[in-house]
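Asker: I am attaching a structure below and will ask some questions about it afterwards.
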Amino acid sequence: MSRYIPGTDEDRKQMLDALGLTEIDGLFSEIPEELKFKRRLDIPEALSELELISHMKQLAGMNADAGEYICFLGAGVYDHFIPSVVKHIVSRSEFYTSYTPYQPEISQGTLQAIFEYQTMICRLTGMDVSNASMYDGATAVAEAALMAIRSTGRDKVVVSEGLHPEYREVLKTYSRFNGIEVKEIALHGGVTDMDRLEEEVNESCGAVILQSPNFIGAIEDLGSASEKAKKADALSIACVDPISLAILKPPGECGADIAVGDGQALGNSLSFGGPHLGFMAVKKEMVRKLPGRIAGQTTDSEGRTGYVLTLQAREQHIRREKAVSNICSNQALNALAAAVYLTVMGKEGLKQVAELCLQKSHYAYEKLLATGKFVKVYDAPFFKEFAVKAVDEKIPDINRRLYKNGITGGLDLGTRYAEMKNNWLVAITEKRTRAEIDRFVEIASGGVCHE
Amino acid sequence: MKTYQGMKYTKEHEWVREDNGLMYIGITNYAQLELGDIVFVELPKKGKHYNAGEPISVVESVKTASDVYSPVTGTVVEVNDALTDAPELLNTEPYENWIAALQPENPSELDQLMDEEQYAQFCARGE
């Protein structure tokens, strides 16, 4: 089958004539001959549309996606339920195809959606001001660290190893050429070693960064970290799971100056790890240091409520190299999905999601320990994700067996932390049923299954 | 607009005035007119040291945000907290409202700055 391409040979000839050229190669005459690639690309012949669809379906069929494989893997990306209304609203062309809302008179819908999102993030985190979103959790953490360094005029950030290992990599990348020292504090008993942390939080430290629940699932003492930061006039950055905030004390009440995190859990698909959104919220005093765009509510000349991008004087298109950050965008569609999700769930609904995560993960934890094939790794409380150690089998073998039985197992923590050999990070969301968890435990412990 | 005897001016449109051994600094009338409505002044921290020419404060208007450069070398001993709640004071009375006061290290730095007449000519040339 042939593909429909609207440009005809006659059209092309007309365009070339208008340009005074005889062939298309003439358009590239500026490129030196020795730089031109003069062979055919070594790729297969083009497929027809029909063949292509069938080819793509075949490739997609090789994925072990969460729709087909029951997911017990988390480690930063979580298989939460997404009400179908999220997809329907996000897919509306007014949102889906709209451009950056620089022109408020034609962008009220987009701006209001961002404003609502910001309001919800503030309520969730207990902070005063939220920006319109960042790219993901990792860049939100890194931007928060840069903000703290700018505000304090210091050059060291102290970060817990409980922060997602990939977030720490991004943080180090951002810090490397900004002259910022990144000091990592090891975990002890599943949580950040507060004594070691205190030693490092001194007059050169601009920020203390903790994740709670941390990467291995344990809930950290954010209040204690914030206190230590405050004592040294450093800022406290809390990286949090937004779903957990429905039942855990929000960062704003724990003394955090900046709250960040990945917002994927709020109505966004796993999508093989992205696109996500990052969220970032601060206390009022820091609003002018906040990177990224902010939508604000105002009134027009006739007294009607309207929305505009505000506090833009900090941004790159005005301050150039002195802008507070080089982020000039946000994840508008993902942030919209988060806002719709939070609206649909409501305060009670979100609390219910969080409670189910808490109960189900503890059920799975107890069941795994009861098999005798797994032992506990820490005593610290956890929310929806936890670590256990496999006693006699290797984690990759357990995961392989689960995979053969249609289940995606947990993360082998030994691949991320040298001291956590054969530790297994398991995530349980509200989507997992008791039957699924029972089957998971049975197969993981070597019970009845397909080998 | 009333100015003070002995006030000195920079090419970046800051003024500096000596009083009781301290150097009070602010922005000129020309600067506030160029900036437009001022909505925020980022004050320096007390105890912080600045070299002459280093950015010491940021003045943000509805149009832009602009650095204020310290006209002299010294340590901040006082900041004008009134500007936190009323940044527009820099619009209404730019010569009455200073941003920070520095304990100078080298008061002779003032000699390199423009006096009122030189500054008026400088502004008139539109540089």
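Asker: Taking the condition of being surrounded by 24 or more Cβ atoms within 10 Å (Cβ to Cβ) and in contact with a Cys (Cβ under 8 Å, 6 or more places away or on another chain), how many residues in the stretch A:145-172 meet it?
Answerer: Here the count works out to 4.
Asker: Moving to a separate point now. Within the stretch A:273-293, restricting attention to residues that are away from every other protein chain (no Cβ under 14 Å) and either part of a strand (DSSP E or B) or touching a Lys or Arg at 6+ places or on another chain (Cβ under 7 Å) (or both), which residue is nearest to residue A:67 (Cα to Cα)?
Answerer: A:278
Asker: Kindly evaluate residue A:363 against the criterion of being under 22 Å from residue A:445 (Cα atoms), among the hydroxyl-bearing types (Ser, Thr, Tyr), touching a Phe, Trp or Tyr at 6+ places or on another chain (Cβ under 9 Å) and part of a helix (DSSP H, G or I).
Answerer: It is false that residue A:363 is under 22 Å from residue A:445 (Cα atoms), among the hydroxyl-bearing types (Ser, Thr, Tyr), touching a Phe, Trp or Tyr at 6+ places or on another chain (Cβ under 9 Å) and part of a helix (DSSP H, G or I).
Asker: Sort out which residues of the stretch A:297-316 are more than 14 Å from every other protein chain (Cβ to nearest Cβ) and part of a loop (DSSP other than H, G, I, E, B), and write them in order of number.
Answerer: If the condition is that a residue be more than 14 Å from every other protein chain (Cβ to nearest Cβ) and part of a loop (DSSP other than H, G, I, E, B), then A:300, A:301, A:302, A:303, A:304 are the ones that fit.
Asker: If you don't mind, there's one more thing I want to ask. Can you tell me which of (1) over 26 Å from residue A:312 (Cα atoms); (2) out of contact with any Lys or Arg (no Cβ under 6 Å at 6 or more places or on another chain) is the one residue B:31 doesn't meet?
Answerer: Of everything listed in (1) over 26 Å from residue A:312 (Cα atoms); (2) out of contact with any Lys or Arg (no Cβ under 6 Å at 6 or more places or on another chain), residue B:31 misses just condition (1).
Asker: Inside the stretch B:65-126, counting only strands (runs of 3 or more DSSP E) that do not spill past its ends, which hold 2 or more residues that are more than 20 Å from residue B:6 (Cα to Cα)?
Answerer: In the stretch B:65-126, the matching strands (runs of 3 or more DSSP E) lie at B:65-69, B:74-79.
Asker: If the Cβ limit is 6 Å and pairs must be 6+ apart or interchain, which residue in the stretch A:156-173 that is within 22 Å of residue A:226 (Cα to Cα) pairs with which residue that is among the charged types (D, E, K, R) and not in a strand (DSSP E or B)?
Answerer: A:158/A:200; A:165/A:416
Asker: For the structure I just gave you, tell me whether residue A:223 is in contact (Cβ under 8 Å) with a residue 24 or more places away in the chain and buried (at least 19 other Cβ atoms within 10 Å of the Cβ). Spell out the reasoning first.
Answerer: On the way: in contact (Cβ under 8 Å) with a residue 24 or more places away in the chain: yes; buried (at least 19 other Cβ atoms within 10 Å of the Cβ): no.
No; evaluated as a whole, the condition is false for this residue.
Asker: Scan the stretch B:56-80 for residues that are more than 18 Å from residue B:19 (Cβ to Cβ), modelled with pLDDT of 95 or more and surrounded by fewer than 22 Cβ atoms within 10 Å (Cβ to Cβ) and jot them down.
Answerer: Correct list: B:69 only.
Asker: Right, next: Considering only the stretch B:40-54, I want to know if a residue exists there that is more than 12 Å from chain A (Cβ to nearest Cβ) and either in contact with a strand residue (DSSP E or B) (Cβ under 6 Å, 6 or more places away or on another chain) or more than 27 Å from residue A:316 (Cα to Cα) (or both).
Answerer: Taking every residue of the stretch B:40-54 in turn, at least one turns out to be more than 12 Å from chain A (Cβ to nearest Cβ) and either in contact with a strand residue (DSSP E or B) (Cβ under 6 Å, 6 or more places away or on another chain) or more than 27 Å from residue A:316 (Cα to Cα) (or both).
Asker: Evaluate the following for residue A:325: is it crowded, with 16+ Cβ neighbours inside 10 Å, among the polar types (S, T, N, Q) and part of a helix (DSSP H, G or I)?
Answerer: It is false that residue A:325 is crowded, with 16+ Cβ neighbours inside 10 Å, among the polar types (S, T, N, Q) and part of a helix (DSSP H, G or I).
Asker: If I go through the stretch A:411-451 residue by residue, how many of them are part of a helix (DSSP H, G or I) and not aliphatic (A, V, I, L, M)?
Answerer: Initially, the stretch A:411-451 is screened for residues part of a helix (DSSP H, G or I), giving A:413-415, A:434-444.
With not aliphatic (A, V, I, L, M) added as a condition, the list becomes A:414-415, A:434, A:436, A:438-440, A:442.
Here the count works out to 8.
Asker: I've got another one for you. When the residues of the stretch A:137-154 are narrowed to those that are in contact with a Gly (Cβ under 6 Å, 6 or more places away or on another chain) and under 17 Å from residue A:205 (Cα atoms), which ends up nearest to the other protein chains (Cβ to nearest Cβ)?
Answerer: Only one residue tops the list, namely A:152.
Asker: May I ask you to verify whether residue A:87 is at pLDDT 95 or above and basic (Lys, Arg)?
Answerer: When the stated conditions are applied, residue A:87 passes them.
Asker: If residue A:253 passes every condition in (1) surrounded by fewer than 22 Cβ atoms within 10 Å (Cβ to Cβ); (2) assigned to a strand (DSSP E or B) but one, which one does it miss?
Answerer: The single condition residue A:253 does not satisfy is (2).
Asker: Hey, another quick one. With B:50, B:4 as the choices, which residue is out of contact with any Lys or Arg (no Cβ under 7 Å at 6 or more places or on another chain), of a type in the set (Phe, Trp, Tyr) and closer than 16 Å to residue B:98 by Cβ?
Answerer: B:50
Asker: To continue, here is another question. Need the failing condition index for residue B:85 against (1) modelled with pLDDT under 95; (2) closer than 18 Å to residue A:286 by Cβ; (3) within 12 Å of another protein chain (Cβ to nearest Cβ), just the number.
Answerer: Against the list (1) modelled with pLDDT under 95; (2) closer than 18 Å to residue A:286 by Cβ; (3) within 12 Å of another protein chain (Cβ to nearest Cβ), residue B:85 comes up short only on (3).
Asker: Might you let me know whether the stretch A:345-358 holds any residue that is surrounded by 14 or more Cβ atoms within 10 Å (Cβ to Cβ), within 24 Å of residue B:43 (Cβ to Cβ) and either within 14 Å of another protein chain (Cβ to nearest Cβ) or not acidic (Asp, Glu) (or both)?
Answerer: Looking through the stretch A:345-358, none of the residues is surrounded by 14 or more Cβ atoms within 10 Å (Cβ to Cβ), within 24 Å of residue B:43 (Cβ to Cβ) and either within 14 Å of another protein chain (Cβ to nearest Cβ) or not acidic (Asp, Glu) (or both).
Asker: To continue, here is another question. Are there helices (runs of 4 or more DSSP H) fully within the stretch A:45-114 with at least 1 residues that are buried (at least 19 other Cβ atoms within 10 Å of the Cβ)? List them.
Answerer: A:84-90
Asker: Considering only the stretch A:163-218, state which residues are over 19 Å from residue A:278 (Cβ atoms), part of a strand (DSSP E or B) and of a type in the set (Gly, Ala, Ser).
Answerer: A:206, A:218
Conditions (1) farther than 20 Å from residue A:123 by Cβ; (2) at pLDDT 95 or above; (3) within 14 Å of another protein chain (Cβ to nearest Cβ), marked per residue:
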| residue | (1), (2), (3) |
| --- | --- |
| A:233 | yes, yes, yes |
| A:251 | no, yes, no |
| A:254 | no, yes, no |
| A:259 | no, yes, no |
| A:271 | yes, no, no |
| A:318 | yes, no, yes |
| A:323 | yes, no, yes |
| A:329 | yes, no, no |
| A:335 | no, yes, no |
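The values are calculated or read from the model by the stated rules, or taken from the named source; none is laboratory data. Note that the structure is a prediction, hence the values are computed from the model and not measured. Glycine also receives a Cβ, built like all others from the backbone with ideal geometry; neighbour counts cover every protein chain displayed.
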